[in-house]
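Written out below as structure tokens is the structure these notes cover.
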Amino acid sequence: MTNVDCIVIGAGAVGLACAAELARRGHETYVLESARDIGTGTSSRNSEVIHAGLYYATGSLRHRMCVSGRRKLYAYLASHGVAHRRTGKMIVATDTDQVGKLESLLQQGRSNDVEGLTMLEAREAVALEPQLTCAAALMSAETGLLDSHGYMTALRNELEDLGGAVLLDAPVLGITVLPDGQFSLRIGGRDPYEITTRYLVNSAGLYAHRLAREMEGYDTALLPGFTLAKGNYFSCQTRPAFSHLIYPVPVNGGLGVHVTLDLAGQMRFGPDVEWLGHDDPDRIDYRVDAARADDFYAAVRRYWPGLPDEAIVPDYAGCRPKLTGQHEPAADFRIDGPSLHGHEGLVHLFGIESPGLTSSLAIAEYVADCLNTSHA
């Protein structure tokens with residue numbers, strides 16, 4: 001039995017950010033990761049976009065964490081030499097009926113204190129992106145791209161420099177709340193062991209619900225709903241047609257099939273929203289069905305009619321941990337701390353999907369504050 005000050009479960013972007021923040025505050029902190037490397041789950045299966053924060057209900061955790069996190073993230077990436085670029089994003093109305101939605105997004109963004117938002121008439125948008133077809137566009141100048149793995153590596157390095165560590169191939173098999181308020185964890189892998197901790201952060205992503213549900217001494221009636229929505233991506237084999245990210249108006253469950261870029265400028269399309277109808281992460285099939293290409297062509301050609309036939313190929317897929325179902329309003333992040341469940345030293349992170357990557361540094365500060373860890 002080993003005892004440490006802080007344990008974070010999950011070595012994705014949010015988990016590593018939480019661990020680094022706890023270590024900055026003087027705590028001995030370890031990250032437990034079931035995989036054999038960091039960031040192999042949701043953190044490596046997304047668009048690598050730095051979101052500005054204009055979509056989310058004012059005052060929600062998504063709004064506050066995204067806007068604050070985005071500002072912190074750009075500063076962190078610059079100071080740690082991680083590749084990134086403020087590309088800007090254009091959200092496009094493909095017909096006049098959608099222009100009102102853009103105007104609503106503009107007002108939402110302004111309410112959320114998002115900088116760099118400008119409405120563009122069609123001719124202004126096309127002057128910036130000649131291959132674009134639209135009735136109007138909303139420019140978000142603060143949207144950008146980052147090297148997500150480079151970011152996670154920087155967080156890991158910082159954690160280790162502060163005396164912490166990431167333990168790989170270390171699946172958590174069970175958690176028990178001890179009589180003294182500490183937490184006992186059973187760890188599998190090649191050499192199983194047990195570890196106790198004063199502070200515990202469940203940042204297990206798609207597996208966060210399962211860990212909480214199986215936690216001895218935790219009231220499972222407090223858990224939110226949970227389902228899974230897969231997002232598929234196709235890469236484009238043509239020369240890049242755009243220099244900005246191009247997004248349609250949002251759709252139910254996501255932001256619509258958009259044109260995103262990698263840091264080398266190569267285009268890819270996605271994600272779509274494929275509701276899986278179950279809540280078992282072990283049943284996720286990350287293969288991309290080539291038959292979905294027809295829907296991608298149709299979606300992209302609404303704003304880029306020049307997309308050639310045979311130009312896209314299946315690329316990769318990710319999966320979102322959803323707290324609400326297909327026909328329900330999108331849920332806010334759930335950061336469940338002691339004020340909800342009564343266990344001092346415990347935080348569960350549920351439904352941390354987009355914009356979780358952008359929000360990670362702000363979420364980390366919020367989590368550490370929930371644990372009242374301002375002083376070691």
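The values are calculated or read from the model by the stated rules, or taken from the named source; none is laboratory data. No experiment lies behind these values; they were computed from the predicted model shown. All Cβ positions, glycine included, derive from the backbone under ideal geometry; neighbour counts span all protein chains shown. Just the protein is used for accessible areas: all its heavy atoms, side chains included, with ligands, DNA and RNA removed. Shrake-Rupley method; radii C 1.70, N 1.55, O 1.52, S 1.80 Å.
For a paramagnetic label modelled at 7 Å from the Cα of Ala57 toward its Cβ, which residues of region 300-336 fall within the zone defined by backbone nitrogen distances under 18 Å?
It comes to 322-336, nothing else.
Using DSSP to call loops (not H, G, I, E or B), can you name the trypsin sites (Lys or Arg not before Pro) in region 1-101 whose Cβ has at most 10 other Cβ atoms within 10 angstrom?
Passing both the DSSP loop test and the Cβ count: Arg36.
Tell me, in nm to one decimal, what length is gained between Asp295 and Arg36 on full extension, where the rule is 0.36 nm per residue of separation less the Cα-Cα distance?
89.7 nm
Could you give the accessible area per residue of the chain, probe 1.4 Å, as a whole number in Å²?
The answer is 41 Å² per residue.
With the full set of protein chains in place, find how many percent of the accessible area of region 214-310 is carbon and sulfur; take the probe as 1.4 Å.
45
What FRET efficiency comes out for Asp97 versus Thr238 if R0 is 35 angstrom and r is the Cβ-Cβ distance? Round to the nearest 0.05.
Using R0 = 35 Å, I get an efficiency of 0.75.
Pull up the DSSP beta bridges for the chain and report the antiparallel fraction as a percent, rounded to 5.
Taking every DSSP beta bridge within the chain, about 70 percent pair in antiparallel fashion.
What full-extension length gain, to one decimal in nm, is calculated for Met119 and His278 as 0.36 nm per residue of separation minus the Cα-Cα distance?
Value of the extension gain: 53.3 nm.
Can you give the FRET efficiency for Thr153 and Thr176, using 1/(1 + (r/R0)^6), R0 = 35 Å, r = Cβ-Cβ distance, to the nearest 0.05?
That pair, Thr153 with Thr176, gives E of 0.60.
Taking 0.36 nm per residue of sequence separation and subtracting the Cα-Cα distance, how much length would be gained by fully extending the chain between Leu167 and Leu128, in nm to one decimal?
9.3 nm
Contact order normalised by length for region 144-220, with contacts defined as Cα pairs under 8 Å and 6 or more residues apart; what percent is it?
22
Counting only protein heavy atoms and using a 1.4 Å probe, what share of the accessible area of region 43-190 belongs to carbon plus sulfur, as a whole percent?
Carbon and sulfur: 49 percent of the exposed surface of region 43-190.
Got a number for the accessible area of Ile335? Probe 1.4 Å, square angstrom, nearest 10.
Estimated to the nearest 10 Å², Ile335 gives 20 Å².
So which lysines can Lys89 reach, going by Cα to Cα under 24 Å and dropping same-chain residues fewer than 8 places off?
Within reach: Lys72, Lys101, Lys230.
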